Every structure is written in structure tokens, then in C-alpha cells.
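Single-structure report; data block below.
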Amino acid sequence: MSSDFGKTLRVGVFGESHGAAIGVTVDGLPAGERIDMDELQTFLDRRRPGKNPLSTARRETDVPEFLSGLRDGVTCGTPLCAVIHNSDQHSADYAELADKPRPSHADYTAWVKWRGQADMRGGGHFSGRLTAPLCVAGGIAGQILARRGIFVGAHLAAVGTEEDETFPLHPTDELFRAVAAKPFPTLSDAAGERMQRVILDAREAQDSVGGIIECAAIGLPAGVGEPMFDGVENRLAAALFGIPAVKGVEFGAGFGSARLRGSENNDALRVENGRVVTETNRAGGILGGITNGMPLTLRVGIKPTPSIGQKQKTVSLSRMENTELTVHGRHDPCIAHRAVPVVEAVTACVLLDLLLEEQYGAF
């Protein structure tokens, strides 16, 4: 089962939403890297459920237990394994779903692939719950990158039709930290308030809403990546699509560049302080699959949560007939705001993998 990614740095997640625990394995971490556990827990708390009416009422502490790979808070060079114990499962809420798959969820495809044997309580292995251990790996990767002057940050760029400001041409680590410290991860607090109203309105209507996340990485050297099928975009997109509910990934101007002329889309080159830079960054810091030294920018589209309180059309798998379903239980009216650190985590893991592979700097 392909629940892992990476080449030099191999990251794999395991477990189910309502199982005893979920976890992550990370193989290929450099030895001798001290991990700040308080900083890691703060990172995990950004995606933790049950903090406010904007997310599911499920309450989990999401404190990882490290089984291997760390000694006295320092990486050993051996495979790291961490588990997060589940404690607030309401599995009875999902009994009906064993026969009635939720529309736009993986219930049906998992039933087909594993002939009805998959544990789909709470979404099973397809649940957003699996992003918690993913953030353990990403939080560690982010700390290692930061020591090399490479920083990753993200914000909620849109919810429904409400939009935030965009990152400036040259975002800073201070800006990333300021957004991460907010209870709602937007650059503009006014935009954040409008987005929160959209989410709460969806909850009131027993519905859900999607969103867009903008992520950036700064401090990357030029020359990282490969052309054609193993470029930076390829590696990032493959991993980012592993985040539950991601339906689109674009880099730089993305699909918007298709509406421009070359004279509008091209990033003019110039020399600044002895290095080549571009005056704009519609390429998103990547050309030909290789970094050009400008900030790496990407956007991720998150679909509305499939589990909603409204009655929906589905089928009975046992009777093979049409029926209806009302999903019970505790669900996020929007998962995009909790997915912001997850996008950061996956991006950090992929970038660290690329740098380890090419042996940049002090790696």
C-alpha cells in the first residue's frame, strides 16, 4: 500500500481514524539533529481538532510518542517511528456507512478495492486524521531546514468566494511565524473574519465549504531538482495530492498564466547583490523542474468536506439499490484552515528529501 513518499527521506503514515493509534515512520533523517519538542507540539496543535466551532468537535491531544530514531531529543540516524494514540472515537456514528457509502468520499472505492474489508470508521486510512502524524514528520523536517536558512510557511488564501491577500514577492520567516501564531491563519484579519462567517454559515446549513491554501518556501538555493519527470513540481505535487481532500495543485501563477501573453507572464531577469533574481515570480521559483533561487510558491485546492448533515442520495451495497443517507457524527464544516500546517509539513518533507538527495550545504 503506497502510503509513503520520498527517495532519500522516506516518510510513511499508518493507522486508521478509529484504530488504537496512528503513526509515522521517517527513514533517512540525518543524525545529530536536535528536535525542539515544544516547537514540534506547537506545530501539531495548529491542526489539532476540537478547538473551536470552525472544526470537528472530536477532541484529541495529538501528543506523539517516539518509539525509535530519537535519543534525548536528538536524531540517531536510524528510522524514526512515532505514534499518536486515538482517544475520542465515536465509531457507532459510522455503522450505517458500512452499507451506504458517503457521496464524494472514499467509502465506495475502498469497498471495491478491498472487497468490503477496509476499516472505514471515521474515514479509516483515508481520514484527515492521518495528517496528524504527517505533521510530526513535517515539523521535524521544518526544524532541520530552518537551521540551513530555509523556511516554509502558508496561509489560507480563500474559503468559498472570500479571498485573503497574497504573499509578497519576498515573504519572510517573520511573516510565516506571525501567520502561524494566529488562531485563524490568514494574512488579513478582516479577510479571516469573513472566511469564518462563511464556514459558520455552512455549519448552520448542515453543509460544508472548501478553500485554497498558498504556501511558500524561502532560502532555497538555485539548481535543486531535475528536468522532465522528476522535477521539484513533480515531487511536490505527488506528495501534496496525498493529503486528503486535495483536488488541485498549481505553482506560481499556475492556471492563471494560461490566460496571459508571454510578455505578461515572463519574469524579467536582473543581477542584484551579485546574484541573478527575477523582478516578478510568476514561475513560482521553479523553471524546467529546477529551482531558480526565488521563493518557491504553490497553491493547493481543498474540496468541501464530503460528510455533511443534509440528506444525500447514495446506494445500499448489500441490496444494490438506490437509497438515501444522512451522515451523523462530528465533522468539519471546512477543513482548509486546519490543512494549512499540513501543506507546510508535506512541502518541508519534500524539500528536505530533495536537498538530502543532492547533498546541499551541511547535509
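The values are calculated or read from the model by the stated rules, or taken from the named source; none is laboratory data. As the structure is a computational prediction, the values presented were derived from the model and not from experiment. All Cβ positions, even for glycine, are placed from backbone atoms using ideal geometry, and neighbour counts span all protein chains on display. The accessibility values were calculated without ligands, DNA or RNA, using every heavy atom of the protein model including side chains. Shrake-Rupley method; radii C 1.70, N 1.55, O 1.52, S 1.80 Å.
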Given (1) over 27 Å from Ser17 (Cβ atoms); (2) crowded, with 21+ Cβ neighbours inside 10 Å, Pro333 misses just (1)
Residue match in the stretch 206-217 (condition: within 30 Å of Arg275 (Cα to Cα), touching a His at 6+ places or on another chain (Cβ under 7 Å), in contact (Cβ under 8 Å) with a residue 60 or more places away in the chain and not in a helix (DSSP H, G or I)):
yes
Checking Gly123 against (1) buried (at least 20 other Cβ atoms within 10 Å of the Cβ); (2) at pLDDT below 95; (3) over 17 Å from Pro304 (Cβ atoms): exactly one of these is not met. Which one?
(3)
Can you list residue pairs whose Cβ atoms sit under 7 Å apart, with the first residue in the stretch 181-198 being within 24 Å of Glu39 (Cα to Cα) and the second being in a loop (DSSP other than H, G, I, E, B)? Count only pairs 6 or more apart in sequence or on different chains.
Thr186/Asp164; Leu187/Asp164; Leu187/Glu165
Among the candidates Val112, Val136, single out the residue that is over 30 Å from Leu325 (Cα atoms), assigned to a helix (DSSP H, G or I) and among the β-branched types (Val, Ile, Thr).
Val136
Looking only at the stretch 218-258, filter to residues that are of a type outside the set (Gly, Ala, Ser) and assigned to a strand (DSSP E or B); which one of those is farthest from the chain's Cα centre (by Cα)?
Ile218
Does Phe43 fit the bill of being hydrophobic (A, V, I, L, M, F, W, C), open to solvent by 70 Å² or more (accessible area, probe 1.4 Å) and either in contact with a helix residue (DSSP H, G or I) (Cβ under 9 Å, 6 or more places away or on another chain) or assigned to a helix (DSSP H, G or I) (or both)?
no
Residues being open to solvent by 40 Å² or more (accessible area, probe 1.4 Å), in a loop (DSSP other than H, G, I, E, B) and in contact with an Asp or Glu (Cβ under 8 Å, 6 or more places away or on another chain) - total across the stretch 259-285:
4
Just one listed residue, out of Pro306, Pro341, Pro333, is under 17 Å from the mean Cα position of the chain (by Cα) and either within 21 Å of Asp107 (Cβ to Cβ) or outside any loop (DSSP other than H, G, I, E, B) (or both), and it is Pro341
Residues being modelled with pLDDT of 80 or more, open to solvent by less than 40 Å² (accessible area, probe 1.4 Å) and within 25 Å of Gly123 (Cβ to Cβ): count how many of those fall in the stretch 46-76.
4
Counted residues, the stretch 316-330 - those being in a loop (DSSP other than H, G, I, E, B) and at pLDDT 90 or above:
4
Among the residues of the stretch 191-222, count how many are closer than 24 Å to Glu344 by Cβ, open to solvent by 50 Å² or more (accessible area, probe 1.4 Å) and in contact with a Pro (Cβ under 7 Å, 6 or more places away or on another chain).
0
Considering only the stretch 154-178, state which residues are buried (at least 17 other Cβ atoms within 10 Å of the Cβ), more than 14 Å from Ala339 (Cβ to Cβ) and of a type outside the set (Asp, Glu).
Gly160, Phe167, Pro171, Leu175, Phe176
